[in-house]
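The values are calculated or read from the model by the stated rules, or taken from the named source; none is laboratory data. This is a predicted model, so every value here is computed, not measured. Here Cβ is always computed from backbone atoms with ideal geometry, including for glycine, and neighbour counts include all displayed protein chains. What goes into the accessible areas is simple: the full protein's heavy atoms, side chains included, and nothing from ligands, DNA or RNA. Shrake-Rupley method; radii C 1.70, N 1.55, O 1.52, S 1.80 Å.
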Amino acid sequence: MSLIPSIFGGRRTNVFDPFSLDVWDPFEGFMTPSGMGSATGKDVAAFTNAKVDWRETPEAHVFKADLPGLKKEEVKVEVEDGNILQISGERSSENEEKSDKWHRVERSSGKFMRRFRLPENAKVEEVKASMENGVLSVMVPKVPERKPEVKSIDISG
């Protein structure tokens, strides 16, 4: 369910999720000249098309991102500030020939980035990532839950 209307760039996020950092910025790209490495409308479109699922198992946090047409060399998985998982990359646009006549362009190209705040139980030093058939899988193991130590006391008398 989209909590932010599509008139604001189509970005879908859950504003009630404390771990989501994918927040709509109304001033993103405003007053920035293109060609200076800043986000353009085309870049933002590619950004929003990186769909990511996040599920938690008893052992780990598992992220799966659909990145069709990308090679693992075109994708970066990083942990920033000890608890921010960042998935980024760039999808190159196709070469245009002057004789080509385009009828529809629906596939986006450009840079994308998704960021997630990891909970305290994440073992960020043991993050593993793999890519198969255009699906990036990132596994962040969890610190095992400490079970309280129970010591039985003998009752005298």
Quick one: in the range 48-82, which of the residues that are surrounded by 15 or more Cβ atoms within 10 Å (Cβ to Cβ) and polar (S, T, N, Q) is farthest from Arg114 (Cα to Cα)?
Asn49
Within the range 109-137, considering residues that are assigned to a loop (DSSP other than H, G, I, E, B) and touching a strand residue (DSSP E or B) at 6+ places or on another chain (Cβ under 7 Å), the one modelled with the lowest pLDDT
Ser109
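Just to verify a result, which residue in the range 87-102, among those that are among the charged types (D, E, K, R) and open to solvent by 70 Å² or more (accessible area, probe 1.4 Å), is nearest to the chain's Cα centre (by Cα)?
Glu90
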How many residues, within the range 52-87, are under 15 Å from Lys142 (Cβ atoms) and of a type outside the set (Asp, Glu)?
11
Being assigned to a strand (DSSP E or B), touching a His at 6+ places or on another chain (Cβ under 6 Å) and among the aliphatic types (A, V, I, L, M) narrows it down to one of Val62, Val79, Val140, so name that one.
Val140
Quick count over the range 65-102, residues being among the β-branched types (Val, Ile, Thr) and more than 21 Å from Arg55 (Cα to Cα), is 0
Looking at (1) in a loop (DSSP other than H, G, I, E, B); (2) at pLDDT below 75; (3) open to solvent by less than 70 Å² (accessible area, probe 1.4 Å), which is the only condition Val44 fails?
(1)
Please go through the range 103-145 and pick out each residue that is open to solvent by 40 Å² or more (accessible area, probe 1.4 Å) and touching a Ser or Thr at 6+ places or on another chain (Cβ under 6 Å).
Met113, Ser130
Failed condition for Glu106, given (1) in contact (Cβ under 8 Å) with a residue 24 or more places away in the chain; (2) part of a loop (DSSP other than H, G, I, E, B)
(1)
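Can Glu90 be described as over 17 Å from Val143 (Cα atoms), charged (D, E, K, R) and assigned to a strand (DSSP E or B)? Spell out the reasoning first.
Details: over 17 Å from Val143 (Cα atoms): yes; charged (D, E, K, R): yes; assigned to a strand (DSSP E or B): yes.
The answer is yes for Glu90.
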